[in-house]
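The structure appears right after this line, and notes come after that.
The values are calculated or read from the model by the stated rules, or taken from the named source; none is laboratory data. The structure displayed is predicted, hence computed values, not measured ones. No Cβ is skipped: glycine too gets one built from the backbone with ideal geometry, and neighbour counts run over all protein chains shown.
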Amino acid sequence: MKIINAKENKKNVFQINSIFFNINREYRSSFLFQQHSQKTMPDNSNYRVNFALAQITTEQIELLPELIVEDKPVSINAGLNFGIDNRQHLLKVIFKNTFLQEETPFITIETGCVFAIDPESWTLFSSQQEGFLILPKNFAGHLATLTASTARGILHHSTENTPLNRFFIPANNIEEMIQENIALPLEPQP
């Protein structure tokens, strides 16, 4: 199966949800998933998706240690977002965490991972529903987990040797945040 070589043109710029990035690295992986939907594929069929981690971005990191009040509870809000570049078969996963005390954020980190998806898998995902790329929830969860782990490392590195280093992104099951397959429009929305 051919992998998109995101490294060929380092000056290539692509758009995902109105955010621009430069591609500069490639790591290859694959993921095996089972599809259980009679509407899109035969039941219990196994498919291998080859993909490459093309780029890691730190969209936002805000560290405000002066806002911490000792002995007050801390809560964490987490969110996921997905975007695509249909022409280059690129998928971006953004994972955001905000650490709060009494509704006041003192750490905000938003990290993105851009994945190049092999053309055969892209065609399979985009043929399931006209006008949309359909990511199976277990594959989307796998990519979200990789992105969350990346965010965890960036946060540790950014707070190392500071009082904020005691706060970290928990190793929760990120896949549980994704309740169903994800439908992403293949054409940019106005």
Original post:
Hey, any hits in the stretch 142-153 for a residue that's farther than 18 Å from Val49 by Cα, in contact (Cβ under 8 Å) with a residue 40 or more places away in the chain and not hydrophobic (A, V, I, L, M, F, W, C)?
Top reply: yes
Subject >> Which listed residue, of Leu80, Leu100, is within 19 Å of Leu184 (Cα to Cα) and either in a strand (DSSP E or B) or among the acidic types (Asp, Glu) (or both) >> reply: Leu80
**OP:** For residues that are out of contact with any Ser or Thr (no Cβ under 7 Å at 6 or more places or on another chain) and among the hydrophobic types (A, V, I, L, M, F, W, C), scanning just the stretch 154-164, find the one that is farthest from Arg48 (Cα to Cα).
**Re:** Leu164
Original post:
Of the residues that sit in the stretch 139-190 and are part of a loop (DSSP other than H, G, I, E, B), more than 17 Å from the chain's Cα centre (by Cα) and among the charged types (D, E, K, R), which one is nearest to Leu91 (Cα to Cα)?
Top reply: Glu187
**OP:** Within the stretch 120-138, track down each residue that is farther than 17 Å from Leu53 by Cβ and in a helix (DSSP H, G or I).
**Re:** Glu120, Thr123, Leu124, Phe125, Ser126, Lys137, Asn138
Original post:
Here are Pro163, Pro73, Pro105: which of them is farther than 22 Å from Thr58 by Cα, surrounded by fewer than 19 Cβ atoms within 10 Å (Cβ to Cβ) and modelled with pLDDT of 90 or more?
Top reply: Pro73
Original post:
Of everything in the stretch 133-160 that's polar (S, T, N, Q) and in contact with a Phe, Trp or Tyr (Cβ under 6 Å, 6 or more places away or on another chain), which residue is surrounded by the fewest Cβ atoms within 10 Å (Cβ to Cβ)?
Top reply: Asn138
**OP:** Look at Thr98 and say whether it is under 18 Å from Asn172 (Cα atoms), without any contact (Cβ under 8 Å) to a residue 24 or more places away in the chain and surrounded by 14 or more Cβ atoms within 10 Å (Cβ to Cβ).
**Re:** yes
Subject >> Residue check, Phe115 over 22 Å from the mean Cα position of the chain (by Cα), at pLDDT 95 or above, assigned to a strand (DSSP E or B) and surrounded by 18 or more Cβ atoms within 10 Å (Cβ to Cβ) >> reply: no
